[in-house]
Each structure stands twice: as C-alpha cells, then as structure tokens.
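Following: one structure in structure tokens, then a few remarks.
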Amino acid sequence: MSTLTQQDTFQAFLAASPSNFPSVRTTGKESFISQGLPAVKAEEYKFTNITKKLESSIQNFSPALPLAVSAEQVKSALIEGFEGDVLVFSNGSFVPELSSKIEGVEVSLLSGKEDTALGSIAKPNKDVFAALNQASFQDGIFISVPKKAQIEKPILLLSFNGANAGQVVQPRVWIQVGDFAEVTFLDQSVSLGEQSYFLNKVVEIKGGINSQINYYRIQNEGKNCVEVSNIETDIQKDAKFTSVNLSLSGDMVRNNLSLNLLGSNSEGNMYGIYLLNGKSHVDNHTNVDHTIPHAESNELYKGILADQSRGVFNGKIFVRQDAQKTNAFQQNNNILLSEDAIVNTKPQLEIWADDVKCSHGCTVGQLDEEALFYLQARGIDKLTAKGLLLYAFAGEVLEKIEEESFRNYAVGLIQDRLGSKF
Amino acid sequence: MLSIKNLHASVEGTPILRGINLEVKAGEVHAIMGPNGSGKSTLASVLAGREEYEVTDGEVIFQGKDLLDLAPEDRAREGVFLAFQYPVEIPGVSSTNFLRTALNQVREYRGLEPLDAVKFLSLMKEKMALVEIDQKLLSRSLNEGFSGGEKKRNEIFQMAMLEPTLSILDETDSGLDIDALRIVSNGVNKLKSDKTATIVVTHYQRLLDYIVPDYVHVLYKGRIVKSGTKELALELEEKGYDWIKEEVDSATV
Ligand SMILES: Nc1ncnc2c1ncn2[C@@H]1O[C@H](COP(=O)(O)OP(=O)(O)O)[C@@H](O)[C@H]1O
Ligand SMILES: [Mg+2]
C-alpha cells in the first residue's frame, strides 16, 4: 500500500467525511481500503503512475473549501455565443446564487437527496478513485430531467477549481434523464491559482428509455492539476448517449469513461481528442459494455502529442453472450510531433457473442511530410501548414459536437494551440 | 529570370543531379525531356525546395535572389510554382480553405491586401472557368478521391489562382485524355505572358504541340546532355532515347 494512505493527514481526511449518505460512504471507504491506491505495476494504471504523482504533488490531503467566485469570473469564462443555462461550482460545491434556474429541470444538492443511488452506476469496486470519492466527497449535485422533457438549451456545468498546498477537490454529480427526454451538457473547468491540487471527479448518468443525452467536455485545466475522473453512464433501450471529450492540458489526467448499454437498440458514442504539449500526461480509459442484443457503439479518439507529452489510450469493449447483433467500432489514431512524445494505445475487445460486427484499430505516426511540403509549395508557412493538417486530423472528432458554440469554442482552442488561425 | 549553374543534388547520399546548367528568360517556354529516372522530377523538386534533396554544389538564382536560400513557402511567394507529378491527397483540408490560406499568404508577402470571401469566390469562379474544373471537385477535401486527370487539372487551377512568374509542370500531361490535355494546355497558354516563364517536364512530344517550347533539353543521368528547339522533341519521338544514351555513355567511357 502507498505510504500516502498511511499518513495521518490522509487518515484524518477519510475520517472527516461528511455524515450524510452513511451507508454509501461506508461502502466507498471499505472498497477504497480493500483496493488501495494503485501499485506501481497495477495493470489498470500501468502507464499512469498516479500514486507516485499524488505522493509527490499533494502534500496536504484535505478537502479544498469553496473559493469565492464572482459573477464577473463566470461571465468571462462563458463560451462566446453560448446560449444556455449555467450551473456554477466552486471546488466541487454548487454555487446557487451564480447559477441559472433551469426551467423543467430539477437541480438540488445531493445532501438533500439522500435516497439517490450513488455508486450504483460508477461502482466503487471498479476503480479505487471512484471509491475514494464515494467515501469522502463533500457535497454534490443532483440533476433530474423529467420524462419527455426536451431541454432545448444546453446546460453548462462550469467548475472553478483551485486549492492551497495540494488539496483535494472531489466533485460528485448525479444526472438522471427520464424516458424520452433530451438534454445536452457541457462540462468545462477553470483552474484558479498556481498550486497543485488533486481533482477526483465522479459523474453518474442514468438515461431512460429513448432518452437522448450529449455530454461534451473540455479539459483545459492548469498545469497544476492532477486529475482522475470517473464518468459512467447507463442507458436503456432506444436511448442514445454521445460523449465528446477534449483534453488540452493538465499535469497528469486520467479519464475513466464507461458506458453500459442496458437495452436493445441503444446507441453509445464516445469521441475524444487529446492535444498535448509540455509534460502533460493524459490517459483515456474507456469501457463499453454490450449486455443486450442490437445495440451499437462507436468510438473514435485522436491524439496529437508534442514536446514531452504522453498519451495513453485503452479502449475496452465487452460484448456479452446475449449481445447478439452488436455493432461496435473503435478507432484510436495518434500523431507524434516530437521524438520525446510517447503514446501507449491498446484496444481490448472481449466478445462472447458470435453474431456481431466489431472492429478496432489504432495507429501511431508522424505528420505527413509529403502533404506538408505540398502546402508549403503553395506559399503556406510551415506552422500554418502543420496547423491545417493537424486540424484536419482532429476535425473528424470536432464535427461530432452538435452544439455550435461549444464546437466553435473547441475549434478556437485547438487553433490557438496549433499556433495559427486559418 | 532563372539561372541554374552546375547544380548537384543527392538523395540519402546518392547523387542524382550531377551538374545542371540552365538559363530561362522571361517569356520563354523550356521543355525538359528524358528517360525515366534521369532526374527530371528531382530537378523540379529541388527548385521547389523539397527538403529530402540535398544540394551539394552549384547555385540557382531566381530574379536576382538565391533561390536555394529560401524556404519552400517563400519560393512560392516569390513566384515559383511546381505542378506536382503526383499531387498529394489531403483528407480533411477543404480545397477552398487551403487555396484561400495560400493565396492570402502569397498576397501578404507581395504587399497586397488579403481577399475577402466575396472577392475570393469570384476569383475562384473566373479561374475555374479557365481550366474547366467542376465546382463539385472543389467542395471536397484537397485532391481526395480525385482521378489522376482531375488532380492534374487541379494543379493548373491552383497555378491560375496563384499567378506565378515561373511555372514548372512536372508531367502534367501524363494520363490526360486528349480533351483534358487541350483544356490544361489552353489554361497554361492563357496564363503565359512576356513576364512569365514555363518549364514543362514531359515524356511525350504530344504536349508540345499544344504548349510550344522555345527550347527542348534532354536530361539524362542527372545532366542536360542535349539542347535544341522543338524539332528535337519530334526527333526524340521518332527515334527514342537510345541514340542519345549511346552518345553519352560512349563519351563518358
Ligand atoms: N526520394 C527519393 N529517394 C530515393 N531515390 C530517389 C528519390 N527521388 C528520386 N530518386 C531516384 O533518383 C532518380 C531520378 O528520379 P526522378 O527525378 O524521379 O526521375 P524522373 O522524374 O526523370 O523520372 C531515380 O533513380 C530515382 O529512383
Ligand atoms: Mg518524374
């Protein structure tokens, strides 16, 4: 076991958990203790030594208290052209006075909703950080979109995170979307301050029959952020869930994104871009579980890695014995822009059914020199030419974002990063 | 306009160009012919600035500037245009966005205002008509899924948009049917003026009926071994290259 968990501060941290959700927390704590922080060679964290990172950068394992956030800060963080409702969080705590009242959607603190089945989707025994969050989160948010509600405007989950001396921020989000309801979430974080902090986030999403859910996320935290997130979704028959995850920075980031297709004719899409520089390390572990026949999943992750950055992709697809007529596609493509950048990619298909259509593939390569020369030979400078090619590479994912302001925002961030506007 | 002196170039240590000398003046058309593998595309690529070719000796002066000193994009901006023998397919990059970026960077270099969307589109229309290229092709990704002939036509379309001073056409005629050849040649001829020059690299005399050269050069084993007028091309058409090869090979023994 890690030395970190034996420290007094860590023990005190666990002991000081809030008193609500007692049985949920007990389960979380037991699960955390039995799993322990990942050992150096732990299979699931083989390329992402998160324990070592936490030991070196999180000196003061204690919950980060909410910071004062102003209406100005909220306003300036808003995406250009965004028209929707905003829910504001400060170090994981909901800030109602800065948040919109969303018509037709129930939003409340988790502490007021103790019958919520926390941990029933993102199960604590599947990941030790989900367990840690479940044991010790401060308070969280409960969002319920009622049956047949069609929420036209996107809902922005805007988080301001920052802490002193390496504290811990543990957001906890529960989203339930009723049968036939439709909703789009944008998940965006802003890092405050320069100090290292640990962001350990859990989002559970429960999609009803024929529900349509989009979950778009931009990870553009500061270089001081060590992050693990567990986002897990259950959807029922005829439902559709689409996730687009854009990772642009962070010190060490681990995303566990899981989708359970629980009803026939359900469709799950997971798309992602990781565009990294410096020493950023981003690890996307995705998990799709086909348990029933006639469901479909599509997955496409693209990585662009510069400097000494590191990307990890691990995509698991399970097709259970009953899941005949499954369509499952998975693809991961990477471009390395420097000799020091590293990517580890591993698709994992486990198929027990025999009448299915599944495919997967991964590539790691460099920028196409022929194409680069062709563009330069037409008068385009090298930086812009590279930008055009990389943007084209990422474009296949960007076009999956249906919410226009968010897509434009993502495009702008990527263009800025690639050093040119075109 | 262009002065090439004693140009030597290698790829991965293997010498390909072994002392090229060529003078091109404004208003002229030069044809470069020669057997496969003699270094024609290498010469074109070296002029355009492809990095994998290492210039080991000699100089290239273009309008008073040392061309070999310039980055590929600056050569293009100075007015050198290479129509590629094998144009590259670039999925995800729209033809229009690409051309607009290119044109505006070239214009900026030449001290001109960028073209706004409206002016750009009307210029595109005008030049599309010149090479009779289908609008549908240009709404796709750059060269993606184009036939060989469509790619060649797109090269000439780009040339028309960028209005180069020196155009180097590397086997632009290969694979074209006679109609396409006529259209492409027509486009090239319309873009010619007494201020521009053209180097056409070709295998076939056929093209030279349409784009009439002032000079014809034969490139063999990395050197220009024979120069003449358009009659030389007809002679090569009739007799092939063997007699030239023999002349050269026996002289060097
Ligand atoms: N990138 C390259 N790498 C290795 N060899 C090359 C490369 N480009 C050209 N060559 C060699 O240089 C010689 C000349 O090629 P090229 O210039 O394409 O001839 P041409 O265009 O006259 O047919 C050939 O022997 C060819 O194999
Ligand atoms: Mg050639």
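The values are calculated or read from the model by the stated rules, or taken from the named source; none is laboratory data. The shown structure was predicted, so the numbers you read here are calculated from the model rather than taken from an experiment. Don't worry about glycine lacking a Cβ; one is built from the backbone with ideal geometry, like all the others, and counts go over all protein chains shown. Keep in mind that these areas ignore ligands, DNA and RNA; they rest on the heavy atoms of the full protein, side chains included. Shrake-Rupley method; radii C 1.70, N 1.55, O 1.52, S 1.80 Å.
Restricting to chain A, what percent of DSSP beta bridges are antiparallel, rounded to 5? The partial results should precede the final answer.
Numbers: 6 of 137 bridges.
DSSP beta bridges in chain A are roughly 5 percent antiparallel.
Please report the spacing between the Cα centers of segment A:102-124 and segment A:234-299 in Å, no decimals.
That distance is 21 Å.
Of the candidates B:A129, B:A233, B:A102, which one comes out as most mobile in a Gaussian network treatment of chain B with C-alpha springs shorter than 10 Å?
B:A129
So what's the gap between the Cα centers of segment B:221-253 and segment A:371-422, to the nearest angstrom?
A separation of 48 Å, based on Cα centres.
Please arrange A:F180, A:F129 by accessible surface area, largest first, computed with a 1.4 Å probe and ligands excluded. Could you put the intermediate results ahead of the total?
Details: A:F180 100, A:F129 0 Å².
The residues order as A:F180, A:F129, largest area first.
Take the Cβ-Cβ distance between A:K223 and A:F329 as r, set R0 to 45 Å, and report the resulting FRET efficiency rounded to the nearest 0.05. Spell out each step's value before the answer.
On the way: r = 34 Å, r/R0 = 0.76.
Given R0 = 45 Å and the Cβ-Cβ separation, E is 0.85.
List, in order, the whole-Hz ³J(HN,Hα) value for each residue of segment B:51-60 obtained from phi through the Karplus relation with A = 6.51, B = -1.76, C = 1.60 and θ = phi - 60°; use x for Gly and Pro.
6, 6, 8, 9, 7, 9, 6, x, 9, 10
Peptide B:82-90: average number of partner chain Cβ atoms within 10 Å per residue?
Mean shielding by partner chains, rounded to a whole number: 4.
Using only the alpha-carbon atoms of chain B as identical scatterers, what base-10 log of I(q)/I(0) does the Debye formula give at q = 0.08, 0.15 Å⁻¹?
Taken in order of the listed q values, log10 I(q)/I(0) reads -0.31, -1.11.
Between A:K101 and B:L112, what is the FRET efficiency for a Förster distance of 60 Å, r being their Cβ-Cβ separation, to the nearest 0.05?
About 0.65, to the nearest 0.05.
Taking only protein heavy atoms and a 1.4 Å probe, what accessible area per residue, in Å², does segment B:2-252 have with all protein chains in place?
Counting only protein heavy atoms, the per-residue value for segment B:2-252 is 45 Å².
Please state the charge dipole magnitude for the protein assembly as shown, taken about the Cα centre, from unit charges on C-beta atoms (+1 on K and R, -1 on D and E), reported in debye and rounded to the nearest 20. Please report the intermediate quantities before stating the final value.
Numbers: 67 positive and 90 negative charges, 127 e Å.
For this selection, approximately 600 debye.
A:Q219's amide H: which non-local residues (gap 5+, or another chain) put their own amide H closer than 5 Å, with H modeled 1.01 Å from N in plane and none for Pro or chain starts?
The answer is A:L246, A:S247, A:L248.
What is the Cα radius of gyration of segment A:201-353 over 2.2 N^0.38 Å, N being its residue count? Don't jump to the answer; show the numbers that get you there.
Numbers: Rg = 15.8 Å, N = 153, 2.2 N^0.38 = 14.9 Å.
That ratio works out to 1.06.
7 Å from Cα along Cα→Cβ at both A:L349 and A:Q6: what's the point-to-point distance in nm?
If labels sit at A:L349 and A:Q6, their model points lie 4.5 nm apart.
For an R0 of 35 angstrom, estimate the FRET efficiency from the Cβ-Cβ distance between B:D249 and B:I178 and round to the nearest 0.05. Please list the in-between numbers first.
Numbers: r = 35 Å, r/R0 = 1.01.
Once rounded, the FRET efficiency stands at 0.50.
Looking at the square roots a ≥ b ≥ c of the eigenvalues of the Cα gyration tensor of segment A:367-422, which shape do they give, rounded for a/c under 1.5, prolate if a/b is larger than b/c, or oblate?
Numbers: a/c = 3.15, a/b = 2.04, b/c = 1.54.
It is prolate, given that a/c is not under 1.5 and a/b is the larger ratio.
For the peptides A:280-293, B:81-94, what is the packing order when you average, over each peptide's residues, the other Cβ atoms within 10 Å and list the highest mean first? Write down the numbers at each step before the final one.
On the way: A:280-293: 22.8, B:81-94: 20.6.
Ranked from most to least packed, the peptides come out as A:280-293, B:81-94.
Counting only other chains, and only Cβ atoms inside 10 Å, what mean value do you get across the residues of A:361-374? Provide the component values of the computation, followed by the final result.
Details: counts 0, 0, 0, 0, 0, 0, 0, 4, 4, 7, 7, 4, 11, 14.
Taking the mean over all residues of the peptide, I get 4.
Quickly estimate the mean residue ellipticity at 222 nm for the protein assembly as shown, helices only: each DSSP H run with n ≥ 4 gives -39500 (n - 2.57), and the total goes over all residues, rounded to 500.
On the way: 18 runs with 189 residues, N = 675.
Calculated at 222 nm, the ellipticity per residue is -8500 deg cm²/dmol.
Let me know the mean shielding of B:97-109 by other chains, meaning the per-residue number of their Cβ atoms within 10 Å of its Cβ. It would help to have the intermediate numbers written out before the result.
On the way: counts 4, 8, 2, 1, 12, 9, 3, 3, 7, 3, 1, 1, 2.
Counting other chains' Cβ atoms within 10 Å and averaging over B:97-109 gives 4.
With unit charges on the beta carbon (Lys/Arg positive, Asp/Glu negative), name the residue among B:G79, A:A117, A:I335 whose Cα is farthest towards the positive pole of the charge dipole of the protein assembly as shown.
Most positive-ward Cα: A:A117.
Once label points are set 7 Å from the Cα along Cα→Cβ at both A:Q150 and A:Q59, what is their separation, rounded to one decimal in nm?
Those two pseudo-labels are separated by 5.6 nm.
Using a 1.4 Å probe on protein heavy atoms only, how many Å² of accessible area do B and A hide from each other, summed over both chains and rounded to 100? Kindly include the intermediate steps, with their values, before the conclusion.
Numbers: alone 12330 and 17280 Å², together 27620 Å².
Heavy-atom accessible area buried at this interface is about 2000 Å².
If you rank A:F61, A:F329 by how much accessible surface each has, with a 1.4 Å probe, what is the order from largest down?
Numbers: A:F61 5, A:F329 75 Å².
Of A:F61, A:F329, the descending order of accessible area is A:F329, A:F61.
Show me, for segment B:168-177, the HN-Hα J-couplings you get by feeding each phi into the Karplus relation (A = 6.51, B = -1.76, C = 1.60, θ = phi - 60°), rounded to Hz, glycine and proline as x.
3J(HN,Hα) across segment B:168-177, in whole Hz: 10, 9, 8, 6, 5, 7, 4, x, 8, 7.
Round to a whole number: what % of the accessible area of segment B:159-236 belongs to carbon and sulfur, probe 1.4 Å? Please report the intermediate quantities before stating the final value.
Working: 1530 of 3120 Å².
The C+S portion of the solvent-accessible surface of segment B:159-236 is 49 percent.
Considering only protein heavy atoms, with the full assembly of protein chains and a 1.4 angstrom probe, order A:R310, B:R110 by accessible area, largest first. Could you put the intermediate results ahead of the total?
On the way: A:R310 65, B:R110 95 Å².
Heavy-atom accessible area, descending, gives B:R110, A:R310.
For chain A, what does the convex hull of the Cα positions come to per residue, in cubic angstrom?
On the way: hull volume 57.9 nm³, N = 422.
Expressed per residue, the convex hull around the Cα atoms of chain A is 137 Å³.
What nm distance separates the two modelled labels at A:D115 and B:E132, each placed 7 Å from Cα along Cα→Cβ?
Simple spin-label model gives 7.7 nm for this pair.
Report the extension gain between A:E30 and A:K316 in nm, rounded to one decimal, defined as 0.36 nm multiplied by the number of residues separating them, less their alpha carbon distance. Don't skip to the end; give the middle numbers.
Numbers: separation 286, 0.36 × 286 = 102.96 nm, distance 2.64 nm.
Between A:E30 and A:K316, full extension yields 100.3 nm more.
Which order do the peptides A:104-114, A:162-172, B:14-24 come out in when sorted by mean C-beta neighbours inside 10 angstrom, highest first?
On the way: A:104-114: 14.9, A:162-172: 21.9, B:14-24: 17.3.
Taking the mean over residues of other Cβ atoms within 10 Å, the ranking is A:162-172, B:14-24, A:104-114.
Would you tally the net charge around B:R206, using a Cβ to Cβ cut-off of less than 10 Å, leaving B:R206 out, and scoring K and R as +1, D and E as -1? Intermediate values should be presented prior to the final figure.
Working: positive: none; negative: B:D173, B:D209, B:E237.
With Lys, Arg at +1 and Asp, Glu at -1, the net is -3.
Report the charge-dipole magnitude of segment B:1-127 in Debye, nearest 20, computed about the Cα centre from +1 at each Lys and Arg Cβ and -1 at each Asp and Glu Cβ. Mind dumping the intermediate values first?
Working: 14 positive and 18 negative charges, 101 e Å.
It comes to approximately 480 debye.
Work out, in µm²/s and without decimals, the Stokes-Einstein translational diffusion coefficient of segment A:1-155 at 4 °C, 1.567 mPa s, Rh from Kirkwood over C-alpha pairs. Please report the intermediate quantities before stating the final value.
Numbers: Rh = 17.9 Å.
Diffusion coefficient, whole number: 72 µm²/s.
Given the pairs A:K52/A:K279; B:K40/B:K239; A:K75/A:K386; A:K53/A:K386, which span a C-alpha to C-alpha distance of over 25 angstrom in this model? Can you show the working numbers first?
On the way: A:K52/A:K279 16 Å; B:K40/B:K239 20 Å; A:K75/A:K386 33 Å; A:K53/A:K386 33 Å.
Listed pairs above 25 Å: A:K75/A:K386; A:K53/A:K386.
Under the rule a/c < 1.5 gives rounded, and otherwise a/b versus b/c splits prolate from oblate, where does segment A:86-195 land using the Cα gyration tensor? If you can, show how the numbers build up before the last one.
On the way: a/c = 2.09, a/b = 1.29, b/c = 1.62.
Judged from the Cα gyration tensor, segment A:86-195 comes out oblate (a/c at least 1.5, b/c at or above a/b).
Could you tell me the distance between the Cα centroids of segment B:42-75 and segment A:145-168, to the nearest Å?
55
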